[in-house]
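The values are calculated or read from the model by the stated rules, or taken from the named source; none is laboratory data. Since this is a predicted model, take the numbers as computed values, not measurements. Cβ sites come from the backbone with ideal geometry, for glycine too, and all protein chains shown count toward neighbours.
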Amino acid sequence: MLRYLLRRLLVSIPTLFAIIAISFFMIRIAPGGPFDANRKATPEVMANLNKAYHLDEPLPEQFGRYLWGVLHLDFGPSFKYRDYTVSELIFRGFPISLEIGLWAMLISATIGIFLGTFAALKQNSAWDYTVMTIGMTGIAIPTFVTAPIYQLIFGLALGWLPVAGWDGGWQHKVLPILALSVPNIAAISRLTRGSMIESLRSNHVRTARAKGLGVRLTVTRHALLGGLLPTLAYLGPATAGIVTGSVVIERAFAIPGIGRYFVEAASNRDYTLVMGTVIFYGVLIIIANLIVDLMYSLVDPKVRYE
Amino acid sequence: MSEAAFELIHETDHGATVAGRSKLKDGFGRMRRNKMAMVGLVVLAIIVLACAFGPFVLPFDPNQSDFDSISIPPAFAGGHIFGTDDLGRDLLARVLEGGRTSLLIGVLATIVAITIGISYGSVAGFFGGAVDTVMMRIVDVLYSLPFLFFVIMLTMVLGRGIESILIAIGALLWLTIAVIVRGQTLSLKHKEFIEAARAGGMRPFAIVRQHIIPNTIGPVIVYASLLVPEVILGESFLSYLGLGVQEPQSSWGTLIDGGAQAMDTAPWQLIVPGLFLAATLFSLNFIADGLRDAFDPKDR
Amino acid sequence: MATTKTAVRAEAAVRPAGTILEVKDLKVEFRTDSGKVAAVNEVSFELKAGEIVGIVGESGSGKSQILMSLMGLLAKNGAASGSVKLRGQEILGMKDDQLDKLRGASMSMIFQDPMTSLNPFLRVSTQLTEVLVKHRGMGKTEAMKRSIEMLDAVSIPDAAKRIRLYPHEFSGGMRQRVMISMALLCQPAILFADEPTTALDVTVQAQILDLMKDLAADLGTTVVLVTHDLGVVASLCDRVIVLYGGRIMESGPAEALFADPKHPYTRGLLASTPRLDEQTHGELHTIPGQPPAVAKAALGCPFEPRCTLREPRCKTVRPIIQDDGSRTVACHVVSL
């Protein structure tokens, strides 16, 4: 199994390299340098600035310089926030985004699997249809619509929770995590329901029933393992979804995480910050996928021996 | 139907003559029985018609500010059924116009994605070898980051506005279709009728065009129906972040962004466009589900 | 030839004789889009301890559904009616939690495809020991010991090591042996086998059948074997029940039935089995026509459309079952 993991790891390296390269060259091609906004600067100052940021060197050299920096976790200085390096900004925002993201993932997975299994056991009943419709709702309505609505209901109308902001206290975390979890709960419960229904119909579950193991053992030990595989595989893309969702959530709730930096950087043409966050996200997703692969191979013995 | 019963009824009465029914008719028949999909179709039709013909029916111009009627809540009285925004523009007119933008982008991008995806996927799958390997590598890399991140980066390069959104989304949307079509092509490639065509001297590109592509349309249509809401969602997402459609044009994304900011004083500015977007996405998803159920009955 | 260890033999020394299973008028119906369909109709038979009974029929004859209904494994749209008594206790219509006490312990089942019938995600050890833990209350170590002994008994080489493997690491024949050992762990009174050798190579088939025969004899287990293969029946079974269209056509001791088949369907079946020791002149014998579309509720004899001996009343009047104490036949034309 170690070999399997190492192989997956090796495959991700060229992918990461490609992400860095693509981000780098795409942004360099983009029209308008970072200093266009500074029309007050004279040509000499511009030249000096360009030199200081190495923008006058040929592209391949710039890329090499950048790559070297990345390997040392140095993404260069932010073009917009001149006092800060990109690494500082990322590491300031990351713990916050991470906390919200992890909670959202945990909650969506637990509730989603539970609801999905429940719906599968009570297939075609009223419970089943309720769960499925809620599922559809959760997936169809985007977070940038639901987030303000939660703010409206729980923040403004009921006054139970703060509408936005961040002070580390739990009140500020509830709505963002809720908004981020709901679409995933919906997707995971639908997926789990489908695959659990199939698993419950499978031959090996029939054998478990024939052995007189009873509902609890049959479901938890025999049906669940196979039934959860597709959901497990989905957790990889689900991470990507949470990452994308966090961008919206942080904007809607004014949370100082990396997502907010990313969007602002994109608006401001802060190249180094954009590149830094993109690469960072890329690494995050690659790691998440590796973890998912690991878990998948733990459940499915056939995968381990490939 | 239980497997047991199916096994029993499987033996047909070979005495009776069976009239031929095309798979397509079968599928659409099944779909008509799917209530939710039909509801979705109706709702979608209403929204599309409203966005298309609304401007000719409504007395208000979406860009006409009326400073006498700023931020009026919804009321049948003054004629502004859904109220006005902070510049006095009729909200319904704005929403319908925004809808036109969103829907148009959704359909156009999907069509472009299908065209590119089918061509590329069938060629890659059919010719195999180096072409196939290179393409799969590219797809792997582009899958490593969320779709929208690449789109955002592309908009940085291409600038803002509708055209760049179309290009950015289109540039990434065709990937999954290509993967699906490639997979279909790979399994079709070895079927006998393809061999027969080859033996008959048909040129490769002609085979691809006449035999492979028509047989891949099925799954593509089902997936494409999922793409339209994805595009609309993507565009709204970008516009909400301020990276998409720009003033004076509007789309549901920009309207929702504006509405969210005015949430505490004029919540209808958020709710109305939000409802339209949600209803559209719902309908499209139900239709997509219906299509998938209809053409792949195992998956119930 | 499989050999069984003495440990297994000694435990089963005392096994009550007499009727183990009484099935009266078993009917299995399914609710479908085209209405109610009866897969099994008016099936009655009795099993004595230690007997090996073969239920023979084509696909669609309802034979598997008989086993499913007895084990309480019918699909959701299926319903069984009639009476089934296991050692005097009525089990048809029992609730699942009551049935669970019997399943795996007093009556077990093995299925056609061992690859999909074993859980691919669990080690064989888990799948074996859980039966003992659940039904006999054994601790893990003791259950493990017993399971290894059982694997030995079914001739799995190196059982102590192999037990920790996953199903996909066994070959087809070995998997079926694992299933058999799993079914016999609690020494059930009855073993139901649904086409256990159909998915296996011919050479492996013979080994598995021998194994089942020996184990059944040692443990005193009654075996109900469902198959479409007459060769399997001939080599293993004491008694045979011939099923067609969900109804019993003929039944009796295997030797007598094969030597002197009474029912036209049985005769057709035997005649159409290709034999290695005969010269076939010209074409192989077949029974003309197709098995019934079950949706049609049949009056009269279900075999009538394809029967060479049919008479007008066969279409409208159901044959009464003739029973001489040892053999039965359901036919208007033929008599015992």
Residue that is farthest from the chain's Cα centre (by Cα) [pool: residues in region B:140-168 that are touching a residue at least 24 places away in the same chain (Cβ under 8 Å) and away from chain A (no Cβ under 14 Å)]: B:Ile162
Some residue of region C:259-267 being surrounded by fewer than 17 Cβ atoms within 10 Å (Cβ to Cβ) and modelled with pLDDT of 85 or more: yes
Residue that is nearest to B:Met36 (Cα to Cα) [pool: residues in region A:82-124 that are among the β-branched types (Val, Ile, Thr) and in contact (Cβ under 8 Å) with a residue 24 or more places away in the chain]: A:Thr117
Residue within region A:242-253 that is closer than 30 Å to A:Ser189 by Cβ, at the interface with chain B (Cβ under 10 Å from one of its Cβ atoms) and either without any contact (Cβ under 8 Å) to a residue 12 or more places away in the chain or surrounded by fewer than 21 Cβ atoms within 10 Å (Cβ to Cβ) (or both) present: yes
Test result for B:Ile116, surrounded by fewer than 19 Cβ atoms within 10 Å (Cβ to Cβ), part of a helix (DSSP H, G or I), away from chain A (no Cβ under 12 Å) and touching a residue at least 12 places away in the same chain (Cβ under 8 Å): yes
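Table: residues versus (1) part of a helix (DSSP H, G or I); (2) in contact with a Pro (Cβ under 9 Å, 6 or more places away or on another chain).
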position	(1), (2)
B:Trp174	yes, no
B:Ile177	yes, no
B:Arg198	yes, yes
B:Met202	no, no
B:Gln210	yes, no
B:Ile217	yes, no
B:Leu238	yes, no
B:Gln249	no, no
B:Leu255	yes, yes
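Sort out which residues of region C:100-134 are among the acidic types (Asp, Glu) and assigned to a loop (DSSP other than H, G, I, E, B), and write them in order of number.
C:Asp113
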Some residue of region B:283-297 being closer than 27 Å to A:Ala254 by Cβ, surrounded by 24 or more Cβ atoms within 10 Å (Cβ to Cβ) and modelled with pLDDT of 85 or more: no
Region C:122-138: number of residues that are surrounded by 23 or more Cβ atoms within 10 Å (Cβ to Cβ) and among the β-branched types (Val, Ile, Thr): 3
Pairs, first within 14 Å of chain B (Cβ to nearest Cβ) in region C:45-64, second in a loop (DSSP other than H, G, I, E, B) and aliphatic (A, V, I, L, M), C-beta under 7 Å, six or more apart: C:Gly60/C:Val294
Residue in region A:113-163 that is farthest from the other protein chains (Cβ to nearest Cβ), counting only those that are surrounded by 16 or more Cβ atoms within 10 Å (Cβ to Cβ), assigned to a loop (DSSP other than H, G, I, E, B) and among the hydrophobic types (A, V, I, L, M, F, W, C): A:Leu161
Single condition A:Trp127 does not satisfy, out of (1) more than 30 Å from B:Gly40 (Cα to Cα); (2) modelled with pLDDT under 85: (1)
Region B:241-266, residues that are surrounded by 20 or more Cβ atoms within 10 Å (Cβ to Cβ), of a type outside the set (A, V, I, L, M, F, W, C) and within 8 Å of chain A (Cβ to nearest Cβ): B:Gly253, B:Asp257, B:Gly259
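So that you can scan it fast, the table gives a plain yes or no per residue for (1) buried (at least 18 other Cβ atoms within 10 Å of the Cβ); (2) in a loop (DSSP other than H, G, I, E, B); (3) among the charged types (D, E, K, R):
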| site | (1), (2), (3) |
| --- | --- |
| C:Phe45 | yes, no, no |
| C:Leu67 | yes, no, no |
| C:Leu70 | yes, no, no |
| C:Lys76 | no, yes, yes |
| C:Ser83 | no, no, no |
| C:Gln98 | no, no, no |
Number of the exception - B:Ser102 against (1) surrounded by fewer than 20 Cβ atoms within 10 Å (Cβ to Cβ); (2) within 14 Å of chain A (Cβ to nearest Cβ): (1)
Residue match in region C:123-133 (condition: within 14 Å of another protein chain (Cβ to nearest Cβ) and acidic (Asp, Glu)): yes
Members of region C:75-116 found to be under 28 Å from A:Tyr296 (Cβ atoms), within 14 Å of chain B (Cβ to nearest Cβ) and in contact (Cβ under 8 Å) with a residue 24 or more places away in the chain, listed by number: C:Phe111, C:Asp113
Index of the failed condition, B:Gly40 passing every other in (1) within 14 Å of another protein chain (Cβ to nearest Cβ); (2) of a type outside the set (S, T, N, Q); (3) within 30 Å of B:Thr265 (Cβ to Cβ): (3)
Residue identified as modelled with pLDDT of 75 or more and either of a type in the set (Lys, Arg) or over 30 Å from C:Pro305 (Cα atoms) (or both) among B:Ala37, B:Ala77: B:Ala37
Top-ranked residue in region A:186-219 [being β-branched (Val, Ile, Thr) and away from chain C (no Cβ under 12 Å); ranked as surrounded by the most Cβ atoms within 10 Å (Cβ to Cβ)]: A:Thr192
Residue within region C:183-198 that is under 29 Å from C:Glu58 (Cα atoms), in contact with a Pro (Cβ under 9 Å, 6 or more places away or on another chain), more than 11 Å from chain A (Cβ to nearest Cβ) and surrounded by fewer than 18 Cβ atoms within 10 Å (Cβ to Cβ) present: no
Qualifying residue in region B:180-191 (condition: within 14 Å of chain A (Cβ to nearest Cβ), part of a helix (DSSP H, G or I) and charged (D, E, K, R)): no
Check on B:Ile212, at pLDDT below 85, under 23 Å from B:Leu186 (Cβ atoms) and surrounded by fewer than 18 Cβ atoms within 10 Å (Cβ to Cβ): no
Residue in region A:165-174 that is in contact (Cβ under 8 Å) with a residue 12 or more places away in the chain and within 14 Å of chain C (Cβ to nearest Cβ) present: no
The lone exception for B:Ile232 - which of (1) hydrophobic (A, V, I, L, M, F, W, C); (2) away from chain A (no Cβ under 11 Å); (3) in contact (Cβ under 8 Å) with a residue 24 or more places away in the chain it fails: (2)
